[in-house]
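See structure below.
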Amino acid sequence: MYFFIITRHVTGSGNMADNDTPQSEEQTGSRLIMRIVSELFGSPLNLGLLGICGFLIYKIISSRRSTDSTPVKEPELPPLKKQDFTLEQLREYDGKGSDGRVLIAVNGKVFDVTRGKRFYGPGGPYGLFAGHDASRALATFSLGEDALKNEYDDLSDLNSLQMESIREWEMQFQEKYVYVGKLLKPGEQPTDYSDTEDDEKTETEKKVE
């Protein structure tokens, strides 16, 4: 009888100990988590490091998304037939037409800059030049509308340095884009380019490639 009581008492004590163990482990885990949180957010240095890590993770994810999304390439337009333009005709090619073609005049020459539409088209950094004579704006390094005249600009008031700058821009456009024709002066008749059309077509195809 005495042995039975002792055994029961010991067994009951064991059960109490087993019940206490999980509770103490939970308390220890909670304290550990609270300590980690306190260490992370209690120091300005740690907060700064967390912010930097979060920013880097965001940049990595956003760069992967932009890489995965392939931009839609616009179909290339057929070469424009060589012709001369008045200022009124040039304004029709500002990139807002049905075909989106963009023409710009530089030093009396008209160039098809449609392939550089992201720069010279609507919304581009130089979209103001689309469908205009950009000579004065390029010579004076101006992106204001006051550099784009509504009438023919003979550039006679520009100095030698500015004219040299225009010629350099003309050479760059000549190398990179397709020359379409002349910008006509008031009363000037357009040139008939039918005899040289085949030669110009070959030159245009080379530049498009």
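Bear in mind these aren't lab numbers, they're just calculated from the coordinates by the rules spelled out. Please read all numbers here as calculations on a predicted model, not as lab measurements.
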Distance violations [Cα-Cα > 19 Å] among 149/176; 81/182; 96/117; 117/149: 149/176; 117/149
Cα convex hull of the stretch 67-174, projected area averaged across orientations, nm²: 8.0 nm²
Amide H neighbours of residue 109 under 5 Å, counting only residues 5+ apart in sequence or on other chains, H built in-plane at 1.01 Å? 183
HN-Hα couplings for the stretch 108-120 via Karplus (6.51, -1.76, 1.60; θ = phi - 60°), in whole Hz with x for Gly/Pro, come out as x, 10, 9, 10, 8, 10, 4, 5, x, 4, 5, 9, 9
